[in-house]
Amino acid sequence: MQTFHAISFESLLIASALVLISIFVSYRQELKLEKEIFISALRATIQLFVVGYILEYIFGSESVVFTLGLLGVMAYNASYNAAKRGKGVPNGLWISCFAITVGAFITLSILIASGILEFTAYQMIPVGGMVISGAMVALGLCYRQMLSNFDLRRQEIEIKLALGATPKQASKAIIRDVVKTGLQPTIDSAKTLGIVSLPGMMTGLILAGMPPVEAVKYQVMVTFMSLSTISISCFIACYLAYKEFIINEINSLNKQWNPIKGMIIRLLL
């Protein structure tokens, strides 16, 4: 099997000409994105090299506390970005943080128990980053869909609550649609693996000299852990977030009809 060969800085510099193609297309089509394309490419290069040098130090660490701390920082930042994408979701940051942490913890614990992973910074940081980032993107989709659904179906929820439905019953259809929205991209991606495209991790391992069948095993692991983490995170986040929407709805309804009924519904949450 072909062994891995390092990419020289000269070759990387020549490859940077590919960015000029994007800049040229933007210029010709008058998209006015030339500056953003250049800055994004420059930032990506600098950030990745900085992270690369930092990771060389991190991967040499054997401290469990340090590894857990770094995973915690990654989860918090992912939660912050997910909450920003769903601006308007009450307590979105802390709901996201709890959902992502629980989802990642369960998935990584199973992988460690199965013997696929060892609790070392060299393995936990890259794999943890993959599951956390996947959950972040999925929660962003969920929050946007939830904001849209609760806005469009507000009258439906009010009618159900007024007819005696519990908050969970009134929101069940919305929650189901929102969770499906968060899961659908990952499910669609899993369906087309190896047919439409070779995934990034698998391609990278093959380029690094690993036998294709072994690279496939790693990619299957990544697919399974993504489905698991995203499913758990979306489920937890949606079932926590809907309560906040219902409480806000009750506060507005209290101004229109009997506050006692609003208090009863709040107790049923």
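Rule-based calculations on the coordinates, nothing more; no lab input. A quick note: this is a predicted structure, and the numbers were derived from the prediction, not measured. As a convention, Cβ positions derive from the backbone with ideal geometry for all residues, glycine included, and neighbour counts pool all protein chains shown.
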- Note on the structure: Heads up, segment 1-58 by the C-alpha gyration tensor (a ≥ b ≥ c square roots of eigenvalues; a/c under 1.5 rounded, else a/b over b/c prolate, else oblate) looks oblate
- For segment 1-140, just say rounded, prolate or oblate: build the C-alpha gyration tensor, square-root its eigenvalues into a ≥ b ≥ c, call rounded for a/c under 1.5, and beyond that prolate if a/b exceeds b/c, oblate if not. oblate
- Item | Links that overshoot a 28 Å alpha carbon limit, given the list Lys32/Lys180; Lys87/Lys243; Lys87/Lys217; Lys84/Lys217 | Lys32/Lys180; Lys87/Lys217; Lys84/Lys217
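Might you report the magnitude of the Cβ-based charge dipole of the chain about its Cα centre, with Lys and Arg at +1 and Asp and Glu at -1, to the nearest 20 debye? Could you put the intermediate results ahead of the total?
Working: 21 positive and 15 negative charges, 248 e Å.
In debye, rounded to 20, the chain gives about 1200.
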- Item | Tilt relative to the chain, helix 64-85 - C-alpha long axis, 0 to 90 degrees, to 10 | 60
- Query: Under the Karplus relation 6.51 cos²θ - 1.76 cosθ + 1.60, θ = phi - 60°, what is the ordered set of whole-Hz ³J(HN,Hα) values for segment 116-128, x standing for Gly and Pro?
  - Reply: 5, 10, 10, 7, 10, 4, 4, 9, 5, 5, x, 5, x
